[in-house]
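Just so it is clear, none of the values below were taken in a lab; they were calculated from the coordinates. Note that the structure is a prediction, hence the values are computed from the model and not measured. Reconstructed Cβ throughout: ideal geometry from the backbone, glycine too, with neighbour counts over all protein chains shown.
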Amino acid sequence: MPINLQKNNNTMDELVVKDLIDRLIDLSFAEDIGDGDHTTLSCIPADAMGKSKLLIKEEGILAGIDVAKEVFHRFDPTMKVEVFIQDGSHVKPGDSGDT
């Protein structure tokens, strides 16, 4: 029975990419967060809740939503992310990508 190498390579490539993304997120958190932003820690209560919105500023093709969702999940697994525009979509100024 022949082996579908294309499928096996895609799966291996996906695993390698996921591992690289995970490492990049770890390094980014270590550099950007470290022991915390001291101004934020002293001014904002630890239990404060907020909301954010990704606002598109330039025309283009949206990319990186899945990575952004992973970053948010790794930072706070209880955080809810609602995606309004998918990767690969054409976007223009004023569009909103996620909250």
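If I take all pairs of Cα atoms in the chain, what percentage of them are more than 17 Å from each other?
Percentage above 17 Å: 67.
Counting Lys and Arg as +1 and Asp and Glu as -1, each charge on the Cβ, what is the dipole of the chain about the Cα centre in debye, to the nearest 20?
So the magnitude is around 320 debye.
Pick out, from Val16, Val67, Phe84, the residue whose Cα sits farthest towards the positive end of the charge dipole of the chain, with +1 on the Cβ of Lys and Arg and -1 on the Cβ of Asp and Glu.
Phe84
With just the Cα atoms defining each centre, how far is the range 11-35 from the range 40-99? Give it in Å.
Taking the Cα centre of each part, the range 11-35 and the range 40-99 sit 18 Å apart.
Under 16 Å between alpha carbons, and skipping anything fewer than 8 positions from Lys51 in its own chain: which aspartates and glutamates qualify?
Cα-Cα hits under 16 Å: Asp76, Glu82, Asp98.
Do the sum for the chain: with -39,500 (n - 2.57) for every DSSP H run of n ≥ 4, divided by all residues, what is the mean residue ellipticity at 222 nm, to the nearest 500 deg cm²/dmol?
-15000 deg cm²/dmol, from helical runs alone.
Going 7 Å from the Cα of Ser89 toward and past its Cβ, which residues in the range 48-64 have a backbone nitrogen under 14 Å from where you end up?
It comes to 54-57, 60-64, nothing else.
List the GluC sites (Glu not before Pro) in the range 22-99 that DSSP assigns to loop (not H, G, I, E or B) and whose Cβ has at most 11 other Cβ atoms within 10 Å. Which are they?
Listed in order of number, the matching sites are Glu58, Glu59, Glu82.
How far apart, in nanometres, would the label points at Glu82 and Ala30 be if each is projected 7 angstrom from Cα along the Cα-to-Cβ direction?
Distance between label points: 3.7 nm.
Relative to the longest principal axis of the chain, what angle (0 to 90°, nearest 10) does the C-alpha long axis of helix 5-32 take?
20 degrees
Can you tell me the relative contact order of the chain? Whole percent, Cα pairs under 8 Å, sequence separation 6 or more.
Answer for the chain is 29 percent.
Which angle between 0 and 90 degrees, to the nearest 10, do you get for helix 65-75 versus the longest principal axis of the chain when only C-alpha atoms count?
In the chain, helix 65-75 runs at an angle near 50 degrees to the longest axis.
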